[in-house]
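For reference, the structure discussed in these notes is given below.
Laboratory data are not the source of any read-out in this text; all were calculated from the coordinates shown. Nothing here was measured: the structure is a model prediction, and the numbers come from that model. In this analysis, Cβ positions are derived from the backbone assuming ideal geometry, glycine residues included, and neighbour counts consider all displayed protein chains.
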Amino acid sequence: MSRYPTTPAGLEAMRAELRRLREVERPKVVNEVEVAREHGDLSENAEYHAAKEKLGFIEGQIRFIEDKLSRVEVIDPRTLKGTRVVFGARVTYEDVDSGESRTYQIVGADESDPKQGRISIESPIARALIGKEEGDEVILRTPSGARTVEITEVRFS
């Protein structure tokens, strides 16, 4: 059973989703099942079967989140320091050829949002950057091709 890394914000988002599923979605669908059951013959009741399937899906989501929460390893970037790229770091790098600069924070898979500057620890870019330090050149292999970048800053906030 592997650990599941996340930031404090990611942990709170998982807990909020679990609360929403348990306190809002599940009761709503249980009610849908009850209403559909009142419509008579269950063997030919499409509403009942659809509601039961929906309930099963929600139960599966709840179990999935509970499993992740049981394996969660919260890493608070504010407690880290140094120049080496690790989970939680904000990494700025510059493309050696174009001079284009980008900054990403390396976060857990559920927290990933590249448009907001957060990439998953499991992404090819993060995997290439992990363990490197400021000043290191790294080859990033992306769908648009390989490119060489230099890490210009590693910070934790």
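Observations
- For the pair V96 and T148 in one chain, pulling the backbone fully straight at 0.36 nm per residue adds 18.1 nm over the alpha carbon distance.
- For R19 and F156, a Förster radius of 41 Å and the Cβ-Cβ distance give a FRET efficiency of 0.90, rounded to the nearest 0.05.
- The chain, relative contact order [Cα under 8 Å, separation at least 6], %: 24
- Residue-wise HN-Hα coupling along segment 117-125, computed from phi with Karplus coefficients 6.51, -1.76, 1.60 (Hz; x: Gly, Pro): x, 10, 10, 5, 4, 8, 6, x, 5
- Stretched out straight at 0.36 nm per residue, the stretch from E44 to E59 would grow longer than its current Cα-Cα span by 3.0 nm.
- In this simple spin-label model, placing a label point 7 Å from the Cα along the Cα-to-Cβ direction at both L80 and V30 gives a separation of 4.0 nm.
- Net charge of Cβ neighbours under 12 Å - reference R147; Lys, Arg +1; Asp, Glu -1: -4
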